[in-house]
Amino acid sequence: MSNAKVFISFDVEAWFQVENLRPAFAPEVWDTLEIRLEKPIDQILGFLEKSQASATFFVLGWIAERHPDLVKRIAAAGHEIACHGYGHQLPSHLGPTNFRDDLRRSRDILTGIIGKDVIGFRAPSFNYPVWVPEILAEEGFIYSSSLFPTVLHDRYTPVPADVKGKWVFQWDCGLHEILVSSLVMAGRHLPWGGGGYFRILPGGLFRAGVRRILKKGRPFVFYLHPWELDPEQPRVKTISQIARLRHYLGLSRTAIHLEKLLMTFGGYPLRSLIS
């Protein structure tokens, strides 16, 4: 398969589990909140079927544990199930030992539900300390998609200097790394891989950027969260203004933009990029 194709991924977590809202919702209260994933997942699966596209779903173990039927439905539709950790805790906060435990817990839940190996991983909030790839390889993962080269986010782990310019590469431990896409202009990496940037930018402009990436012979690796298709989710006023902008801006446009993106380019799961 040529690399110059579109590869689609979704990070399956509840609206209240994201890093921007963590100050308002400690894990101890998560079970008291409405998860609100059924409707956006149904919408996403409908768009994928309509466009004859396939995708990778990085699912939190916490979500899978409480909604195994949702995971089964995604897998039954022919999409890849991959790991997003258990409770959306940053690896840098967990440390190596707790990260390994978190990883195993999530993987075991997912494999128990779908009855097959889970080979892909994405770090919450693209937080990816240098010790993570080796642990992933030791635990049997084949690839990760946890690096997002961009100049416009303060939380993402920077791409190592020796792999800059690469979009898919292999760590010394054997783990494959698939970078989320950015648009290189004047030597700077503009965030063009999805998420809040996808919601904010005009749809036509975003698709033009995708075409530019593909024209250069590079894969376009896209990510989104199901909660980004839920404009009616509760509004939290106790978080910072920048956190509110990152989380809520453009939610009403996401579904329309996603459907047009998929109908224009189709899409493949991330595992097919390394097979």
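Key figures for this structure:
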quantity	calculated
Mean residue ellipticity (222 nm) of the chain, computed from DSSP H runs ≥ 4 via -39,500 (n - 2.57), nearest 500	-11000 deg cm²/dmol
Stokes-Einstein D for the chain, Kirkwood Rh over Cα pairs, 10 °C, 1.306 mPa s (µm²/s)	85
Solution diffusion estimate, µm²/s, Stokes-Einstein, the stretch 201-275, Kirkwood Rh from C-alpha pairs, 10 °C, viscosity 1.306 mPa s	110
Cα-based Rg of the stretch 1-121 normalised by 2.2 N^0.38 Å, two decimals	1.09
GluC sites (Glu not before Pro) restricted to the stretch 171-262 and DSSP loop, no more than 11 other C-beta within 10 Å	Glu232
Trypsin sites (Lys or Arg not before Pro) restricted to the stretch 27-99 and DSSP loop, no more than 14 other C-beta within 10 Å	none
Percent of beta bridges antiparallel (DSSP, the stretch 6-273, rounded to nearest 5)	25
Exposure proxy order (Cβ contacts within 10 Å, fewest to most) of Trp131, Trp62	Trp131, Trp62
GluC sites (Glu not before Pro) within the stretch 13-80, DSSP loop, no more than 14 other Cβ atoms inside 10 Å	Glu34
Entries of Lys5/Lys72; Lys39/Lys260; Lys166/Lys215; Lys5/Lys260 with Cα pairs more than 21 Å apart	Lys5/Lys72
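Where a number appears in this text, it was derived from the coordinates with a stated rule and is not lab data. Fair warning: this is a prediction, and the values are worked out from it, not measured in the lab. In this analysis, Cβ positions are derived from the backbone assuming ideal geometry, glycine residues included, and neighbour counts consider all displayed protein chains.
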